[in-house]
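For reference, the structure discussed in these notes is given below.
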Amino acid sequence: MGRYREQRREPYTAEHLYDIAVDIESYPTFVTMFVAARITQRDDNRLRVDNVLGAGPLRFRILTEATFEEPLKIDIVSVDGDGGDLSISWQFDAVDDTSTTVTLEINHQFNSPLMTSLSELLSNGMERRILNAFEKRAHQLYGPGST
């Protein structure tokens, strides 16, 4: 089972960072391992998402459910059962009016040898790469942020 956790302070509001994280269908435009993300169902603070992840020619599909606690937290879990277990948790804790501590936790255990191999390939520094992609996206959308 892979378990990863990364935490950092970002010069953006919790609302801004939450807005980026909740815009799941945009992930393929700025997070390299996301090939596609399509929302298939919306209910209040819950989304069902059909995701395609990959690296190079390797691809796999995983269905997830995301629940939201705006602007504090987003929890994402796999719901298809075939691929194994995946959970991703985003936590946004405002430090002050212009900065936020972001915590990203990723836990996964896959049943398929292909998905296990792909996850091992992608997992090396994955949480850091994801946070870096979100930081770059925040800079594109909101400017350099305060320091």
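Only one of (1) at pLDDT 90 or above; (2) of a type in the set (G, A, S); (3) surrounded by 15 or more Cβ atoms within 10 Å (Cβ to Cβ) is not met by G84, so which one is it?
(1)
Return the residues of segment 36-80 that are among the hydrophobic types (A, V, I, L, M, F, W, C), at pLDDT 95 or above and farther than 19 Å from L104 by Cβ; say none if nothing qualifies.
A36, I39
How about segment 10-49: which of its residues are assigned to a loop (DSSP other than H, G, I, E, B) and among the acidic types (D, E)?
D23, D44
Which pairs do you get when a residue that is over 8 Å from T100 (Cα atoms), found in segment 1-28, comes within reach of a residue that is surrounded by fewer than 21 Cβ atoms within 10 Å (Cβ to Cβ) and of a type in the set (D, E), reach meaning Cβ atoms under 6 angstrom, with the pair 6+ apart or on two chains?
Y4/E127; R5/E105; E6/E127
Which pairs have Cβ atoms under 8 Å, sit 6 or more apart or on different chains, and link a residue in segment 67-96 that is at positive phi to one that is surrounded by fewer than 14 Cβ atoms within 10 Å (Cβ to Cβ) and in a loop (DSSP other than H, G, I, E, B)?
Listed by first residue and then by second, the contacts come to G84/N111; G84/S112.
Determine whether segment 50-62 contains at least one residue that is out of contact with any Pro (no Cβ under 8 Å at 6 or more places or on another chain), in a strand (DSSP E or B), of a type in the set (A, V, I, L, M, F, W, C) and free of Cβ contacts under 8 Å to residues at least 24 places away in the same chain.
Checking segment 50-62: at least one residue is out of contact with any Pro (no Cβ under 8 Å at 6 or more places or on another chain), in a strand (DSSP E or B), of a type in the set (A, V, I, L, M, F, W, C) and free of Cβ contacts under 8 Å to residues at least 24 places away in the same chain.
The values are calculated or read from the model by the stated rules, or taken from the named source; none is laboratory data. From a predicted model like this one, the values you see are computed outputs, not experimental measurements. Cβ coordinates were reconstructed from backbone atoms using ideal geometry, including for glycine residues, and neighbour counts include every protein chain displayed.
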